[in-house]
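Enquirer: Structure below; questions to follow.
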Amino acid sequence: MLVIGILIGLLLGCLLTNFINNSESRKNHLIYRAIEKNFQVKRNQFSLEYIPDENGYLVSMKDTEYLVKLTNRKPYKVVYKVKLQS
């Protein structure tokens, strides 16, 4: 009986971990889509880095960088975009 309980616990733990990872992956996908739509670029034409101090993202394209802030809820949209000086 104890073995069955341990197996059920492990299975539920794995399922919960998988669910959390998938929801983070989905969130990242939606953020990338918002950036693609706003800048009218494809995913391989920019890089994205989260900046916790600014609560926003650094978007780098070719020789230009932008500080971008998004809405907190889905669908994510760009609400603030500033070109950073080189």
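Enquirer: Residues in segment 43-59: is at least one among the β-branched types (V, I, T), surrounded by 11 or more Cβ atoms within 10 Å (Cβ to Cβ), at pLDDT 90 or above and not in a helix (DSSP H, G or I)?
Expert: yes
Enquirer: Give me the pairs, please: first residue somewhere in segment 61-86 and surrounded by 15 or more Cβ atoms within 10 Å (Cβ to Cβ), second residue anywhere and assigned to a loop (DSSP other than H, G, I, E, B), beta-carbon distance under 6 Å, and either six or more positions apart or on two chains.
Expert: Close Cβ pairs (under 6 Å, with a partner that is assigned to a loop (DSSP other than H, G, I, E, B)) amount to L70/Y76.
Enquirer: So is E36 at pLDDT 85 or above, assigned to a helix (DSSP H, G or I), of a type outside the set (F, W, Y) and under 18 Å from K77 (Cα atoms) or not?
Expert: Judged against the criteria, E36 is a match.
The values are calculated or read from the model by the stated rules, or taken from the named source; none is laboratory data. None of these values were measured; they are calculated from a predicted model. Note that each Cβ is placed from the backbone with ideal geometry, even for glycine, and that neighbours are counted across all protein chains shown.
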